[in-house]
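Bear in mind that the values in this text are calculations on the coordinates, not laboratory data. Model, not experiment: these values are computed from the prediction. FYI the Cβ positions are ideal-geometry reconstructions off the backbone, even for glycines, and counts take in every protein chain you see.
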Amino acid sequence: LNTLVTVKTVNAPSSSLAIEFLQGFDVVLLSGESEIEAQRISEATRTRPTGGAAFFWSDASGDEGIFFADFGTTFQYAPDPQQSSQNNGGENNAAKSKVELQSVSFPSLSQVLRVPWTKIPSRFQPLSRIFVDARVIHKYRNGGKANPDGATQPQELSDILASLLAENGLDRASFLPECPSIDWETEFQKLCVNQQVGTVLTVSMLGSFLSQEVIKAISRTGMPGSNVFTFDGDSVTVRSFPIVADQ
């Protein structure tokens, strides 16, 4: 590995990490954990005294992968030099003009999670099954529980879905057409079995796209992507879409 990089570890649960500790980093990546803990860390990064940090929240289970991205309210970046060169017919204008920084604002994780499912843009596609599964698991973990793996827990996940549908003004009759051809009982049984680990394909795909966004946050080069990314290993489908908070 790179000998010029110092790597340090802290062996402690994320919930024990103080806000001041979390605010010492430019980029924070959280894997797994509950919705409550993710929102706590997200708010810590956004309120950093020296300027907001980028925050990413990822999850992988079986053939499903998802991550949320938050670059803060005033993230500035330089356009990707390679992309800029292509847009200008291959001419490199770096030496001719000063690079103008671009600015982008992301809603907070809390704002994103409050957006009604009926207002999430889909580009004429149904609401992502991966997104729905992830939201159910996040709510399940809010009770301080580990990942579901018991025979009786699929029903508990089904009850959480019903609660989420009610929060979003939906019911199973109106919602199921948005996610066609899904047997939710089978879906939740699969979630309980696969929740402990992601497949090699899922982890590889999720890590590939996530690392690109992390590098943008560190280098401040290249326009950030959308704030939600999902990967479906069943169909080998990648979806990236924005969730915009209500003003």
key: 25 Å Cα-Cα reach of K190 towards lysines, excluding residues that sit fewer than 8 places from it in its own chain   = K139, K145
remark   = Here, Q155 and S110, labelled 7 Å along Cα→Cβ, have an inter-label distance in nm of 3.6
ask   = Check G65: other-chain or 5+ apart residues with amide H under 5 Å from its amide H, H built from backbone geometry?
value = F231, G233
inquiry  = Net charge within 13 Å of G207 by Cβ-Cβ distance, Lys/Arg positive one each and Asp/Glu negative one each, not counting G207 itself?
reply    = -2
query = Which order do peptides 183-191, 62-70 fall in by mean Cβ count within 10 Å, highest first?
reply = 62-70, 183-191
inquiry  = Sort 38-46, 228-236 by the packing proxy (mean of other Cβ within 10 Å over each peptide's residues), most packed first.
reply    = 38-46, 228-236
task = Show me 134-143, 102-111 ranked by packing, highest mean number of other Cβ atoms within 10 Å first.
result = 134-143, 102-111
